[in-house]
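The values are calculated or read from the model by the stated rules, or taken from the named source; none is laboratory data. This structure is a prediction, so every number in the text was calculated from the model and none was measured. Virtual Cβ from ideal backbone geometry, glycine too; neighbours counted across all protein chains shown. Only protein heavy atoms, including side chains, enter the accessible area calculation; ligands, DNA and RNA are left aside. Shrake-Rupley method; radii C 1.70, N 1.55, O 1.52, S 1.80 Å.
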Amino acid sequence: MAAAFYRLMSRCSRLSRTFSMARYHSRSPCRRWERVALGLGATLAAIPISQSESTSLTHEDLIKRAVSLVTDGANTFLSQTTLALIDALTEYTKAVHTLISLQRRYAGLVGHISEKEEEAIWQVIIEARVKMNMHREKYLSFEARWMAAVSLSEKAAEAAYQAGADSASVTAHTHIQMAQNQVEEIKQLALKAEAKLAQVQAKEIHGKRIEEAAVKAGNLPAKEEEMPEQYLRED
């Protein structure tokens, strides 16, 4: 797509130079004015026109061609940002599930492992949480660009409709709808993962509070202490 666009711009540049030279050799004031006008608008033109077409195409036709290029570019921008956002959301969802798994394992091992082992597990959980937050920031960054791409595509579709390029307008609207559906589907998976993580964390906090309350009330069995030597001697 990019290579085709650059070839198109190259042809447009050659075309604008040809028009400019033709207008330069004209001595009529009106012709000189037309040459200046073409020079100002040459950088905006990206529509290759053959010599046979130059006399048959109307301004409406040229505007439709131009707006079709605009919608094509907007659709490409939307496609790229959609793919980036979906990948980022997928990686974030994986990171959330990894953290859920680690915290569940930790909850099942509490009371059965040493303090050193517990500290090592907590280090792994902290690293997983940092990684999850990094993926979250990345997907939020892509989401902002994706929303800008959706807005641009909507404006391009409206411009195509106003220019009478109904086909380009319908294509742009369809592209927007597909992108929104795909992103919404993946985002729902991420939201479900976040809800599960919140449940696991709430359960863990609740368990700790119960344990602390039981310790304060003295309801938990105390650790076995070594018997003093005098109680171990036989009379």
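Using a cut-off of 13 Å between beta-carbons, work out the net charge of the residues near E91 (Lys and Arg +1, Asp and Glu -1, E91 not included).
Counting the neighbours of E91, the net charge comes to +2.
Are any of the pairs K64/K187; K116/K192; K116/K187; K131/K155; K94/K203 more than 30 Å apart by Cα-Cα distance, and if so, which?
Where the Cα-Cα span goes over 30 Å, the pairs concerned are K64/K187; K116/K192; K116/K187; K131/K155.
Spelling out what I want: for every residue of segment 127-143, take phi, set θ = phi - 60°, compute 6.51 cos²θ - 1.76 cosθ + 1.60 (Karplus), and round to whole Hz; glycine and proline get x.
Here the 3J(HN,Hα) series is 4, 5, 5, 4, 5, 4, 5, 5, 5, 5, 4, 5, 5, 5, 5, 5, 5 Hz.
Could you work out what % of the accessible surface of segment 65-177 is carbon and sulfur, using a 1.4 angstrom probe and leaving DNA, RNA and ligands out of the count?
57
Please compute the length gained on full extension between E184 and A148, using 0.36 nm multiplied by the number of residues separating them and subtracting their Cα-Cα distance.
Here the segment from E184 to A148 would lengthen by 11.4 nm.
Note the full-extension length gain between K131 and E158 as 0.36 nm times their separation in residues minus their Cα-Cα distance, in nm to one decimal.
Length gained, K131 through E158: 5.6 nm.
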